[in-house]
Amino acid sequence: GRLVALSCVDATGEPLMPCGRCRQLLWENGGPECLIETKGRPLRMAELLPHAFGVEDLDAVIGETPLPVVPERLAAWRGRGTVFVHPDLSAGQQVWTAYWERSAGDDAGAETGVLEEGPSWDDPAEAITWGMARTPRVVVVDASGTIFWAGEGEPPMEIPVRWPGV
């Protein structure tokens, strides 16, 4: 179901305006028609939060380009490990592929092993996007063996060079 109305009150029982975070949650769970009690009259969420951000905005941003999907069986690993992007050959043509490794590279005793192997892409940016949907740690190895950081934040000391365009 969806929320249809809310009354937020102070210690004396007088209507109190919901905070900003609550307004966003009310928008997400009640939508623009959800009523909020105020001292003057009930307000629709569309009046209370006239420029709200909602699922429609996400749909507009995503458009026809689907986000890379992390298989449900691997969802618990999201945000962990490292994705390695590297060139490969397919029918004599260079393509890019990737694999998601369990180890984060920061613990000598960390469990290792491949979590998921990616498909092949013509553009390394697509492989990096696939990797970023899984973890903020993305490393690119080019055809010459040079290692680049394509992940979030500053590159680690071991990989001081950022992948161009990231």
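Tabulated values for the structure
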{"item": "Any hit, region 116-123, residues being open to solvent by 20 Å² or more (accessible area, probe 1.4 Å), within 17 Å of Trp77 (Cα to Cα) and in a strand (DSSP E or B)", "result": "yes"}
{"item": "Flag for Trp130 being crowded, with 18+ Cβ neighbours inside 10 Å, part of a strand (DSSP E or B) and in contact with a strand residue (DSSP E or B) (Cβ under 8 Å, 6 or more places away or on another chain)", "result": "no"}
{"item": "Failed criterion for Ala143 (all others in (1) modelled with pLDDT of 90 or more; (2) open to solvent by 20 Å² or more (accessible area, probe 1.4 Å); (3) in contact with a Phe, Trp or Tyr (Cβ under 9 Å, 6 or more places away or on another chain) hold)", "result": "(3)"}
{"item": "Any hit, region 102-112, residues being touching a helix residue (DSSP H, G or I) at 6+ places or on another chain (Cβ under 8 Å) and either surrounded by 16 or more Cβ atoms within 10 Å (Cβ to Cβ) or modelled with pLDDT under 85 (or both)", "result": "no"}
{"item": "The lone exception for Ala46 - which of (1) open to solvent by 40 Å² or more (accessible area, probe 1.4 Å); (2) at pLDDT 90 or above; (3) among the small types (Gly, Ala, Ser) it fails", "result": "(1)"}
{"item": "Complete set of residues in region 1-15 that are among the aliphatic types (A, V, I, L, M), part of a loop (DSSP other than H, G, I, E, B) and over 12 Å from Pro42 (Cα atoms)", "result": "Leu3, Ala11"}
{"item": "Conditions (1) at pLDDT 85 or above; (2) surrounded by fewer than 15 Cβ atoms within 10 Å (Cβ to Cβ); number of the one not met by Ala60", "result": "(1)"}
{"item": "Any chance Gly92 is without any contact (Cβ under 8 Å) to a residue 60 or more places away in the chain and under 22 Å from the mean Cα position of the chain (by Cα)", "result": "no"}
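The values are calculated or read from the model by the stated rules, or taken from the named source; none is laboratory data. The model shown is predicted, which means the values in this text are computed figures rather than measured ones. Heads up, the Cβs are rebuilt from the backbone with ideal geometry, glycines too, and the neighbour counts pull from every protein chain shown. In case anyone asks, the SASA skips ligands and DNA or RNA and just uses the protein heavy atoms, side chains included. Shrake-Rupley method; radii C 1.70, N 1.55, O 1.52, S 1.80 Å.
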